[in-house]
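Asker: What follows is a single structure, and I will ask about it in a moment.
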Amino acid sequence: MSKLGLADIEVAGKRVLVRVDFNVPLQDGRITDETRITAAIPTLLDLVNRNAKIILLTHLGRPIVGSASDRETFSTAPIALTISRKLGKHIAHVNDCIGEDVHTAVESLDDGEILLLENVRFYAEETENDPEFSQQLASIADVYVNDAFGTAHRAHASTEGVTKYLSHCVAGLLMAREIHYLSMSLENPAHPYVAILGGAKISDKITLIENLLGKVDSLLIGGGMAYTFLAAMGVSIGNSLVDTEKLDVATSLMKKKGFAEKVLLPADHVIGRSFDPETESQIVDKVAISEGWQGLDIGPKTVAAFGERIATAKTLVWNGPLGVYEFKKFAEGTIAVAKQIAASDCISIIGGGDCVAAIQQAGVAGRITHISTGGGASLEFLEGKQLPGITALTDK
Ligand code: 3PG
Ligand code: MG
């Protein structure tokens, strides 16, 4: 990695501002998935063991600035309790992320103690990347650590602006791990290199397809976006999801070098009458779909064809589910592929929230090399873009 990391800096007795991505899903005030908190624990433990004064900063959701009810809904207070339970250690919480109360709370921190600040998005200045606000954030710290890979694609005050006011800005352990695996998949992947792309819309994946076509040996496409390609090829797709405005884009992608040899599209489908978990469903053993039906999952023939490529892969990247895996009737393709990846000896890198849920549903998370904590961030990384939260860190 070309950026400074945790091991490159002295932290004992220093005030270390750690930007984490604890933007976790909430339901009725409860955290329903702690993955992002768990993923930052190694960085926190390292800093505790090295006697740093640790100040944690995160956003949570997209609160309306100034809304009293959102201040309650999106408070980081429950997260302090979760970290506390995971570390077996008291975590202090303060009701703001800048200002006098924060300075007082920071001053009272002993070496090895942790303070969690309030949601940084309670200020519009955060997403505006306001210089003065960034400076205020920086004023409570000696050193800055960014472990928020999931937010690295945002040029916000707490991810980018703040780095202009601190001399040492380093990657946390999670950030370094994300950069390691994702850049390996772009720069020196072992071959055969297989990418699997799914998800509803082709518009989200155009740049990714363009970037990956030049690198991979096989590109397996499923999910809603596959129907736009099939429609552009002139295949009848019934009432399946189609990005009508992107048919031209699909056509031009199909003309790109490598597309014909590398891309596998669904050859059969699980179809349903409507987009509904209980809808009448059946498997069609052909690529065309009749009127009155829509494709909602890849069929068994496609699963087998994808499986052949997955079994021999040395490097594999997966982004986006291959069917409507939230509906039991249409989850089989995605789950089967998750199991094939787990059974393969490849270096497997999974990005995007939906795939992660599918991997967990399949019970194979432990057999995946790297499950990214970033959805949008991992997508942009794999598209070949520079992420502002990474670029802003201090060079080695
Ligand atoms: C995410 O979950 O996508 C990241 O935490 C970034 O959040 P955002 O999409 O609201 O900027
Ligand atoms: Mg997002």
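What follows draws every value from the coordinates through simple rules; no lab data is involved. None of these values were measured; they are calculated from a predicted model. Glycine also receives a Cβ, built like all others from the backbone with ideal geometry; neighbour counts cover every protein chain displayed.
Asker: Roughly speaking, what is the stretch gain from Asp96 to Val48, that is 0.36 nm per residue apart minus the C-alpha to C-alpha distance, in nm to one decimal? Show your work: numbers first, answer last.
Answerer: Working: separation 48, 0.36 × 48 = 17.28 nm, distance 2.26 nm.
So the chain would gain 15.0 nm between Asp96 and Val48.
Asker: Shifting gears a bit: What lysines sit close enough to Lys328 to cross-link, taking a C-alpha to C-alpha distance under 20 Å and skipping anything fewer than 8 places away on the same chain?
Answerer: Result set, ordered by chain and number: Lys301, Lys339.
Asker: Hull surface divided by four, with the convex hull built on the Cα atoms of segment 264-353: how many nm²?
Answerer: Values: hull surface 22.9 nm².
Value for segment 264-353: 5.7 nm².
Asker: Something else: Sorted by mean Cβ packing within 10 Å, highest first, what order do the peptides 324-337, 129-142 take?
Answerer: Details: 324-337: 21.9, 129-142: 18.9.
Taking the mean over residues of other Cβ atoms within 10 Å, the ranking is 324-337, 129-142.
Asker: A further question on this structure: Counting each DSSP H run of 4 or more residues in the chain as -39500 (n - 2.57), what helix-only mean residue ellipticity at 222 nm follows after dividing by all residues, to the nearest 500 deg cm²/dmol?
Answerer: Counting only the DSSP helices, I get -10000 deg cm²/dmol.
Asker: If amide hydrogens are placed 1.01 Å from N in the peptide plane, which non-local residues have theirs closer than 5 Å to the one on Leu116?
Answerer: Residues meeting the criterion, in which the H sits 1.01 Å from N, are Leu56, Ala92, His93, Val94.
Asker: Using each residue's phi in segment 375-380, evaluate 6.51 cos²θ - 1.76 cosθ + 1.60 at θ = phi - 60° and report the 3J(HN,Hα) Karplus result to the nearest Hz, with x for Gly and Pro.
Answerer: My calculation for segment 375-380 gives x, x, 5, 6, 4, 5 Hz in order.
Asker: Please express the Cα-Cα pair-distance distribution P(r) of the chain as a list of whole percents, one per 10 Å bin, running from 0 to the bin with the greatest distance.
Answerer: For the chain, the pair-distance distribution reads 5, 22, 28, 22, 15, 6, 1.
Asker: From the phi angles alone, apply the Karplus equation (6.51, -1.76, 1.60; θ = phi - 60°) to segment 355-363 and give each ³J(HN,Hα) in whole Hz, x where the residue is Gly or Pro.
Answerer: 5, 4, 4, 5, 4, 5, 4, 6, x
Asker: In degrees from 0 to 90, rounded to the nearest 10, what is the angle of the helix 332-343 Cα long axis to the longest principal axis of the chain?
Answerer: It is inclined by approximately 70 degrees.
Asker: Please report, in whole Å, how far the alpha carbons of segment 154-266 spread along each principal axis, starting with the longest.
Answerer: Per principal axis, max minus min of the Cα coordinates gives 58, 33, 20 Å.
Asker: When ranked by the protection proxy of mean other Cβ atoms within 10 Å per residue, highest first, what sequence do the peptides 161-171, 284-294 form?
Answerer: Numbers: 161-171: 20.6, 284-294: 14.9.
In descending order of packing, they fall as 161-171, 284-294.
Asker: Right, here's the next one. Can you grab the distance from the C-alpha centre of segment 212-253 to the C-alpha centre of segment 315-393, Å, no decimals?
Answerer: What the calculation gives is 20 Å, centre to centre.
Asker: Let me know the shape class of segment 1-158, please: from the alpha-carbon gyration tensor, a ≥ b ≥ c as square roots of the eigenvalues, rounded when a/c is under 1.5, otherwise prolate if a/b is greater than b/c, or oblate.
Answerer: Numbers: a/c = 1.39, a/b = 1.21, b/c = 1.15.
Rounded is the answer for segment 1-158, as its axis ratio a/c remains below 1.5.
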